[in-house]
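**Q** Would you mind keeping the following structure in view while I ask a few things?
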């Protein structure tokens, strides 16, 4: 009887916790959609801010949408270039070497560092390299912010690739590099895509890391050296005004950002399912 | 009978804990040699010493000499990838690579530069040799993981054969299979010895008797007895061997 009561208590706690998580997500989506949808107009998506936009004037936030997409894609691509070799090196070459544990510990610490610190660090690099606030500086900073997230997410996936697969490839005379790129990578691909888009979602939604580095402009960036507006900063500036109409547009902007992140998550799921076709289970 | 491989004064330790002690044995060319013994006696470890796969095990240290066609495979100038191509390993549990049936068999030949029509022919001929062609010829693009376990094991055999090895090592190849699939594999092994030297690890003395020409009996990391299958099963010289093959248990 005591064991059964313990079971009931555990189920009740677990169900409540799950309900809290689900309710929080629904509440956030509902609040953003309810306040943002009425103000969401086609012109918001297609036009850049016109004079006095932040005082209630016309125009839209196409500059921030495009800036965020450029920044998110650029930073994620840059982070991927570093993350993928790192996680393969940790698994295939370092294995149980203490250095691998040290690298993982460092990445966990970096994951916990607030994004404003990455922003400040990015600003230091920017000054050192003689860059001004630009899309490139923003991309580098957001890539640094995404790196620990992406590597740790990918590392967990790559760690789960069965050792027998590596052994099977080695038994055919494959080198470690061939094993890593042709077997381990293929088996881990669905999880790697999820890790990639998780980092993209975090990168595109972060405001603090681009505050000093990407700048802000009413124009769509045409080169890496142009400053770039981002959706999180656009929301921040709109909410900072005293005008009710601009506040509602901020919620519409937040809705657009949420939809972008949801689309990235949906794409991750579709691609992961597609790449899982050949994985060994 | 000419020895294809020889094992001389072989010792193996995992993190300084001995696993094989002073093993001396000859593997005859184009015959089936079975390594038998109770669980934990070092059968798989000895098998993996024959193509240096043992070096992938953490903490493994090998001491002694293993030759292939008279050349020491632990020599400093040996190309380990080439060695593993020449001495193939079929694992206990079938492990299809995360790709299609065709790509699984093509994986090895591709590493060595095969492509186009030659590659297609290689895939087909090795699927035939492994006795699985008729079952998969219309579904070569399907995922290999969708095959049954027995089919997967024969696919792994085709994949191993596709790199044209000289010696084939089987590590308990039927232990995860049903009796029908196991019989399939045994039949393939019997055919393979026409072209390959075969070494098979099995914990089943009856299987060793069915498929092997000579038998190595290991116990607690030591070689207890080595001889022809008839000698080991009909007139064993050692008491441990008599108890094990007689089914009395040790």
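**Q** Which semi-axis lengths, in whole Å and largest first, follow from the square roots of five times the eigenvalues of the Cα gyration tensor of chain B? Let's see the in-between values first.
**A** Numbers: eigenvalues 186, 91, 50 Å².
Each semi-axis is √(5λ); the values are 30, 21, 16 Å.
**Q** Please give, to one decimal in nm, the separation of the simple spin-label points placed at residue A:15 and residue B:146, each 7 Å out from Cα toward the Cβ.
**A** 3.9
**Q** Would you mind pulling out the separation of the Cα centroids of the range B:164-231 and the range B:103-151, in Å?
**A** First find each Cα centre; the distance between them is then 24 Å.
**Q** Another question, if that's okay. By what distance, in whole Å, do the Cα atoms of the protein assembly as shown stretch along each of the three principal axes, largest value first?
**A** Principal axes ranked by extent give 101, 66, 50 Å for the Cα atoms.
**Q** For all pairs of alpha-carbon atoms in the range A:230-281, what percent lies in each bin of width 5 Å, listed from the first bin to the last filled one?
**A** Using 5 Å bins, I get a P(r) of 5, 19, 18, 13, 10, 9, 8, 7, 6, 4, 2, 0 for the range A:230-281.
**Q** Sorted from largest down, what three extents in whole angstroms do the Cα atoms of the range B:63-121 have along their principal axes?
**A** Computed over the Cα atoms, the extents are 40, 28, 16 Å.
**Q** Arranged by the count of other C-beta atoms within 10 angstrom, fewest first, what order do B:243, B:99 take? Walk me through the intermediate numbers first.
**A** Numbers: B:243 14, B:99 22.
Least crowded to most crowded, the residues run B:243, B:99.
**Q** What FRET efficiency would be calculated for the residue pair residue A:105, residue A:181, taking the C-beta separation as r and a Förster radius of 22 Å, to the nearest 0.05?
**A** On the way: r = 27 Å, r/R0 = 1.21.
Computed FRET efficiency for residue A:105 and residue A:181: 0.25.
**Q** So how many Å³ per residue does the convex hull of the Cα atoms of the range B:105-250 work out to?
**A** Numbers: hull volume 18.7 nm³, N = 146.
Spelled out: Cα convex hull of the range B:105-250, divided by residues, is 128 Å³.
**Q** Run the Debye formula on the Cα coordinates of the range A:1-157, all scatterers equal and no solvent, and tell me log10 I(q)/I(0) at q = 0.10, 0.13, 0.21 1/Å.
**A** Debye curve over Cα of the range A:1-157, log10 I(q)/I(0) at q = 0.10, 0.13, 0.21 Å⁻¹: -0.66, -0.94, -1.21.
**Q** I want to make sure I understand the PRE zone here: with the label point 7 angstrom from the Cα of residue A:128 toward its beta carbon, which residues in the range A:189-229 have backbone N atoms less than 19 Å away?
**A** A:209-214
**Q** Now, a different point. Return the FRET efficiency for the residue pair residue A:46, residue A:120: r is the Cβ-Cβ distance, R0 is 35 Å, and the value is rounded to the nearest 0.05. List each step's numbers first, then the result.
**A** Values: r = 35 Å, r/R0 = 1.00.
It comes out at approximately 0.50.
**Q** Arranged by the count of other C-beta atoms within 10 angstrom, fewest first, what order do B:103, A:156 take? Kindly include the intermediate steps, with their values, before the conclusion.
**A** Numbers: B:103 21, A:156 14.
Going from sparsest to densest Cβ surroundings: A:156, B:103.
**Q** Helix-derived [θ] at 222 nm for chain A: sum -39500 (n - 2.57) over DSSP H runs of at least 4, divide by residue count, nearest 500?
**A** For chain A, the value works out to -23500 deg cm²/dmol.
**Q** Indicate the gyration tensor shape class of the range A:91-157 (rounded, prolate or oblate), computed on the Cα atoms with a ≥ b ≥ c the square roots of the eigenvalues: a/c under 1.5 is rounded; otherwise a/b larger than b/c is prolate and the rest oblate. Walk me through the intermediate numbers first.
**A** Details: a/c = 2.54, a/b = 2.46, b/c = 1.03.
It is prolate, given that a/c is not under 1.5 and a/b is the larger ratio.
**Q** Does a label point 7 Å from the Cα of residue B:29, set along Cα-to-beta-carbon, have any residues of the range B:162-183 with amide nitrogen under 19 Å, and which are they?
**A** Label zone hits: B:164-169.
**Q** Over the protein assembly as shown, what is the percentage of antiparallel beta bridges among all DSSP beta bridges, to the nearest 5?
**A** Details: 25 of 43 bridges.
Among the beta bridges of the protein assembly as shown, antiparallel pairing accounts for roughly 60 percent.
**Q** Taking the Cα centroid of the range B:73-102 and of the range A:201-219, what is the distance between the two, rounded to the nearest whole Å?
**A** 50
**Q** Could you please rank B:43, B:191, placing first whichever residue has the fewest other Cβ atoms within 10 Å of its Cβ?
**A** B:191, B:43
**Q** Sticking with this one: Please report the antiparallel percentage of DSSP beta bridges with both residues in chain B, rounded to the nearest 5.
**A** Details: 25 of 43 bridges.
If I count the DSSP bridges inside chain B, around 60 percent turn out antiparallel.
**Q** Further, regarding this structure: Taking the convex hull of the alpha carbon atoms in the range A:140-281, what volume per residue do you get, in Å³? Kindly include the intermediate steps, with their values, before the conclusion.
**A** Details: hull volume 18.8 nm³, N = 142.
Given the Cα convex hull of the range A:140-281, per-residue volume reads 132 Å³.
**Q** Right, another one. Relative to the compact globular guide of 2.2 N^0.38 Å, what is the alpha carbon radius of gyration of chain A, as a ratio? Kindly include the intermediate steps, with their values, before the conclusion.
**A** Values: Rg = 22.2 Å, N = 281, 2.2 N^0.38 = 18.7 Å.
The value comes to 1.19.
Since every read-out is calculated from the coordinates, none of them should be taken as a lab result. Bear in mind the structure is a predicted one, so any value in this text is a computation, not a measurement. Cβ coordinates were reconstructed from backbone atoms using ideal geometry, including for glycine residues, and neighbour counts include every protein chain displayed.
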